[in-house]
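Note sheet for the following structure.
Derivation of every value follows stated rules applied to the coordinates shown; laboratory data play no part. Everything numeric here is computed off the predicted structure, so don't read it as measured data. Cβ sites come from the backbone with ideal geometry, for glycine too, and all protein chains shown count toward neighbours.
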Amino acid sequence: MGVEERRQQLIGVALELFSRRSPDEVSIDEIAAAAGISRPLVYHYFPGKLSLYEAALRRAAEDLAGRFDEPQEGPLGARLLRVMRRFFDFVDEHGPGFSALMRGGPAVGSSATNALVDSVRQIAYDQILSHLRVEDPPARLELVVRSWISLVESTALIWLDGRRIPRGELEVQLVHDFAALAAVSASYDEEMTALLRHMLKDEPTDGPFTDLATRLIALAS
């Protein structure tokens, strides 16, 4: 293999191993064996486990960021639900790797790892604003979107610890959470009220936002 081809192979092997076990538990010897090469050859392409770990996380971060890419067509609630399903596909397939990406793992304190996580969050933030058709978000909207992104992350990490709540329910609940955060903010701010109305104007009777309203009305009665 050429140098870059071999590097990409090792990154893929590392990602596959990290998706099954915590990166802390995966050794260079295991990576070398899975790739069918010797341990010294791994070090020929990567100076150490940390550099290979960061390269694997970089690829995982790019994959995860791509899950937020959604055509701006149709009701917002349905779009967010499709995003959540793709997001949880990634979490489901790469549990330990996702945890390592969000919590640090062997690269704790690494500025490169922190930058990767921040880049995924920023891409998700920019995508949501794009779907809302907002270029210069007011402070309350920024608070809503960034709070929701943090909630999505923490929910996924908690879900991975035992998967005690059905995944499909969580996906819908997180879309409801976005609408609820926006609604609470709208109760304090006219600009957010106008934005909330824009979010809901194309919502169908069987959409997730309508479902939330029905559930809340049932609770109130």
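What the table below lists for this structure:
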read-out	value
For the chain, calculated [θ]222 nm from helices alone, where every DSSP H run of n ≥ 4 adds -39500 (n - 2.57)	-24500 deg cm²/dmol
Mean separation of Cα contacts under 8 Å (6+ apart) over length of the range 57-137, as relative contact order %	39
Segment S150-E25, extension gain: residue separation times 0.36 nm, minus the distance between their alpha carbons	42.3 nm
Anisotropy class of the range 3-56 from Cα gyration tensor, a/c 1.5 cut	rounded
Dipole magnitude (debye, nearest 20) for the range 57-220, charges at Cβ of Lys, Arg, Asp, Glu	420
Least to most buried among T210, T113 (fewest other Cβ within 10 Å first)	T210, T113
Ranked list, fewest to most other Cβ atoms within 10 Å of each Cβ, for S185, S19, S221	S221, S19, S185
Candidate values [x] 111; [y] 141; [z] 357, label of the one derived for volume of the Cα convex hull per residue in Å³	[y]
Least to most buried among L10, L170 (fewest other Cβ within 10 Å first)	L170, L10
Additional length obtainable on full extension of the chain from V3 to R167, 0.36 nm per residue less Cα span	55.0 nm
Distance from the range 153-189 to the range 63-88 (C-alpha centre basis), Å	14
Cα centre as origin, Lys/Arg/Asp/Glu Cβ charges: the range 3-56 dipole, Debye	60
